[in-house]
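Quick notes on the structure that follows.
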Amino acid sequence: MKKVGLIGVGNMGKGLLKNLMKHDCEVMAFDVSEKGKEDTKAIGGLVANHPREVVQYADVIFLSLPNPQIVKELFTGPEGIAEVLQANTRIMDLSTIDPKTTREIAALCRQYDSYFFDCPVSGGPAGADQGTLTIMVGGPAEQYEIILEYLQYVGLNIKYIGESGMAQAMKLCHNIVGAINTVALGESFSTGVKYGLNVEVIADVVGKSMASTKTLQYFGPNIVQDTYENVKFALNHMQKDAELFITMAQEAGVPAILSTNTYGLYSAAKNMNKGHLDHTAVCQVIEDMANVKIVKNNGKVVERLSIEEREETKKVGLIGVGAMGKGLLKNLIKNGCEVLAYDICEKGKETIRELGGLVASHPREVAQFSTVIFMSLPGPVQVKELFLGEEGIAEVLLSNTKILDLSTIDPTTVHEMAAVCSQYDSTFLDCPVSGGPAGADTGTLTIMASGPQEEYEKIEHYLHYVGSNISYIGESGLAQALKLCHNMLGAANIVALGEAYATGVKYGLTVEMMADVFAKGMSYSRMLEYFGPNIVHNTYENVKFMLNHMHKDLGLYVKMTQHAAVPSLIGANVYNLYQAAKSHGKGHLDHTAVCQIIEDLASVKFVEEATASSN
C-alpha cells in the first residue's frame, strides 16, 4: 500500500481521505479538532497526534487548511514541519491561499530538498466526496508527473497551470467571478421582487437564458428558498478568498471595481455573524439595504386560464427588421404567416423582400393590415415615437389589435403604451427576449411575456413561431423588469471576467487557460461560452450583441433600481464601465469590448497583438 499523509480533515479533507483510501492508500491524517480525529477513525485512517508525525510517516502529503496564516504556521511556527521534512517529500496544498505565501513556502521546502505544489480545487465538499474535483496545479514542471497519480485519486479535471503560485492566482480569479455573480444575483433579485416579480420565476427564466451561470444552478436554490444554513461553501471562506483576490489585484495594479464592492458586501455579512452560513447569505445584506425579502413573493402562481378563443389570422405585422427582426420575419413566414413588415432603413426593406415578406412604406400600413403585430425596436424612445409621434400608429390601430413588443424597454414605458393601446380597444404585451440574433434566426428565443393574461392566451402560439422557451410572467411591465435584471446579470458576468482576466494576466496566466479552467469549474456561465471567445481572441468586431444596446439596457436597469430604492453596487458600476466604453467610440462593437476599458485601466493587454492577429 502507498503511504500518504493528510493534514486537515474538515469538509474537504474528509472527502480526500475517503478517496485516497479507496485507491489503496494507507493514510495518516492530522486535524486540530476532535471531530476531525473522529472522522479519520470512522473512515479508517491512522490518527496522528501532531503534524510532525505525518511528515515523518510519508513523503507524499496533502494539505487542506483554511487560510494562508495557518499554512505558514504549519511550516514555520513552533514545532513546524519544515525542518523535519524527509528528502524528496512532495506536498500538495489543496488550500486556497495567496501566490506570495505559496512561493515563500515553496522556497522553504526547497531548502529541505522537498517540493511544494499549490493545488487549489473547485467543486466543494461534494466534489471532494465524489472524487470529481477540478484541481489547478502550480509548481516544478519536472515533478508534476510524479504527483499526478495521487491527484487523480481525488480529482477528475487536473490541469497544470505553471510555476509556483500560478494555480493559486487562477483559483482566486475563479472564485471572485463566482462571488460577483452571487452578489449580482442578490441585487437583481431584490430589484425584481420590489417590482412584483417572484424570485422563483426570475431564477427559472434566467436559468434557461443567456445570463445562466453555474453559480445560479448550484448555489442559487439557497437564495430562492432562503436556505442559507445549507452550507455548500461557507461565507467565511468566500470572504477570505475575495480579500486575497483584492490583495492580488492591488499588487498587480488592477482597479477591481466590482470585486472591491463584492468584498465589502461579504465583509459586512461576516461582521453580521453570517460567516458560518452558505456564502450566498451575502444576499441577506443586500436585502437589508434594499428593505426587501427576496422570497416575499414566493408561492405567487400564475394560473393558466382556459381560453378557447385564439387569434387565427395568419396575417401578421412586423415593425423593425434589424438583426433581431430579420430572424422573426424568417420564422413567421416559415410558419405560414403572411407578413407585412416595415423598417426605417433601405437595408431592412431589402431584407423583407429577400425573405418573402410584404414591404410597408409606413408603420400605419402595418397597423391597418393585421390585428397581430410584432415589434423589435432599439429602445423606449423609438417605441414611444412609433405610437405617439407625428403620424403615430395608436389612433389607426384596428379594434382588438394585439401588439407583441419584443424590444427591451423599461416598465414605465410599457405601462404608458399599454394605457394608450387600451384607449383604442387594443392590447400591448411586453415580450422581451433572450438569445440574440442567433436565437431569432433559429426560432429558439427565450421569451418573457406580460400583460393581460386572457389576451396573452390568445396569441401565445404566435410566440412559439419565433421562440422555444416561452414564459408568462404576469401583469404588464413585469417581463421588462425581468429582462433588465437578466441583462444586468449577463453584463456583470462579463465585467467580472474582465477583472479576473486582467489580474490573472498580470500574474503570468493566459486568458485561454483561464477561460478553459473557468468553463470546467464553478465560474462557468453561458456568457463565457457564447461571448467569451471574443475576449479570448480579441475579436470584438464579431458583434453578437452590440455594446450600444447593452449600455442602453443597463441604463434602464439602473433607473429601475433607483425607482425601487435598491442600492446598486454592482449594476451601477457595470453601467459606468459600459458608459466609458461607449464614450470611447466602442458602441458599434460587441458588448464584450467593455473589457478594453478594463485593459486600459489596468495597463494590460489580455491578448498580445501578434497572438490576436494569428487567430
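The values are calculated or read from the model by the stated rules, or taken from the named source; none is laboratory data. Please read these numbers as outputs of a predicted model, since none were measured by experiment. Cβ: placed from backbone, ideal geometry, glycine included. Neighbour counts: every protein chain shown. For accessibility, only protein heavy atoms count, side chains too; no ligands or nucleic acids. Shrake-Rupley method; radii C 1.70, N 1.55, O 1.52, S 1.80 Å.
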Single residue of D113, D118, D98 found to be under 21 Å from G5 (Cα atoms), open to solvent by 10 Å² or more (accessible area, probe 1.4 Å) and either acidic (D, E) or in contact with a Leu (Cβ under 8 Å, 6 or more places away or on another chain) (or both): D113
Among V495, V566, which is the only one that is open to solvent by less than 20 Å² (accessible area, probe 1.4 Å), outside any helix (DSSP H, G or I) and modelled with pLDDT of 95 or more? V566
Close pairs (6 angstrom Cβ cut-off, 6 or more residues apart or separate chains): over 13 Å from V594 (Cβ atoms) and aliphatic (A, V, I, L, M) in the range 535-546, open to solvent by less than 40 Å² (accessible area, probe 1.4 Å) and at pLDDT 95 or above anywhere: V536/V511; V536/A515; V543/D590
Could you say which residue among V359, V396, V372, V381 is of a type in the set (V, I, T), out of contact with any helix residue (DSSP H, G or I) (no Cβ under 7 Å at 6 or more places or on another chain) and at pLDDT 95 or above? V381
Please verify whether V27 is in a helix (DSSP H, G or I), under 18 Å from I91 (Cβ atoms) and of a type in the set (A, V, I, L, M), treating the condition exactly as stated. no
If a residue has to be at positive phi and under 25 Å from the mean Cα position of the chain (by Cα) to count, how many in the range 84-120 make the cut? 0
Do we find that N542 is in contact with a strand residue (DSSP E or B) (Cβ under 8 Å, 6 or more places away or on another chain), open to solvent by 60 Å² or more (accessible area, probe 1.4 Å) and over 30 Å from N157 (Cα atoms) in this structure? yes
Test for E200: is it in a helix (DSSP H, G or I) and open to solvent by 20 Å² or more (accessible area, probe 1.4 Å): yes
Is it fair to say N236 is closer than 19 Å to G490 by Cα, at pLDDT 95 or above and not aromatic (F, W, Y)? no
Which one of these does D24 not meet: (1) touching a helix residue (DSSP H, G or I) at 6+ places or on another chain (Cβ under 6 Å); (2) within 21 Å of G155 (Cβ to Cβ)? (1)
Helices (runs of 4 or more DSSP H) within the range 49-166 that include 2 or more residues among the aromatic types (F, W, Y) and closer than 19 Å to V27 by Cα: 141-154
Please count how many residues of the range 115-166 are over 15 Å from F62 (Cβ atoms) and among the β-branched types (V, I, T). 3
Restricting attention to the range 121-142, and to residues there that are over 30 Å from N230 (Cα atoms) and surrounded by 14 or more Cβ atoms within 10 Å (Cβ to Cβ), which single residue is farthest from the chain's Cα centre (by Cα)? P140
Select from the range 222-242 the residues that are over 23 Å from Q168 (Cβ atoms), of a type in the set (S, T, N, Q) and open to solvent by less than 60 Å² (accessible area, probe 1.4 Å) and list them in ascending order. N222, T227
Before we move on, is L46 over 30 Å from D278 (Cα atoms) and without any contact (Cβ under 8 Å) to a residue 24 or more places away in the chain? yes
Exactly one condition in (1) open to solvent by less than 80 Å² (accessible area, probe 1.4 Å); (2) without any contact (Cβ under 8 Å) to a residue 60 or more places away in the chain; (3) hydroxyl-bearing (S, T, Y) is false for Y578; which is it? (2)
Applying the selection to the range 101-110, what residues are polar (S, T, N, Q) and crowded, with 22+ Cβ neighbours inside 10 Å? T102
Top-ranked residue in the range 143-184 [being out of contact with any Gly (no Cβ under 8 Å at 6 or more places or on another chain) and of a type in the set (D, E); ranked as surrounded by the fewest Cβ atoms within 10 Å (Cβ to Cβ)]: E145
Would a scan of the range 521-531 turn up a residue that is of a type outside the set (A, V, I, L, M) and in contact with a strand residue (DSSP E or B) (Cβ under 6 Å, 6 or more places away or on another chain)? yes
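In the set A281, A269, A211, which member is open to solvent by less than 10 Å² (accessible area, probe 1.4 Å), under 28 Å from Q596 (Cβ atoms) and of a type in the set (G, A, S)?
A211
If you check E287 against the conditions, is it touching a Lys or Arg at 6+ places or on another chain (Cβ under 9 Å) and open to solvent by 60 Å² or more (accessible area, probe 1.4 Å)?
Answer is no for this residue.
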Scanning the range 498-513 for residues that are within 16 Å of M248 (Cα to Cα) and of a type in the set (A, V, I, L, M) gives A500, A502, V505, L509
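For the structure I just gave you, tell me whether K586 is assigned to a loop (DSSP other than H, G, I, E, B), charged (D, E, K, R) and touching a strand residue (DSSP E or B) at 6+ places or on another chain (Cβ under 6 Å).
It is false that K586 is assigned to a loop (DSSP other than H, G, I, E, B), charged (D, E, K, R) and touching a strand residue (DSSP E or B) at 6+ places or on another chain (Cβ under 6 Å).
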If you go through the range 465-488 one residue at a time, do you hit one that is without any contact (Cβ under 8 Å) to a residue 60 or more places away in the chain, surrounded by fewer than 20 Cβ atoms within 10 Å (Cβ to Cβ) and closer than 22 Å to G435 by Cβ? yes
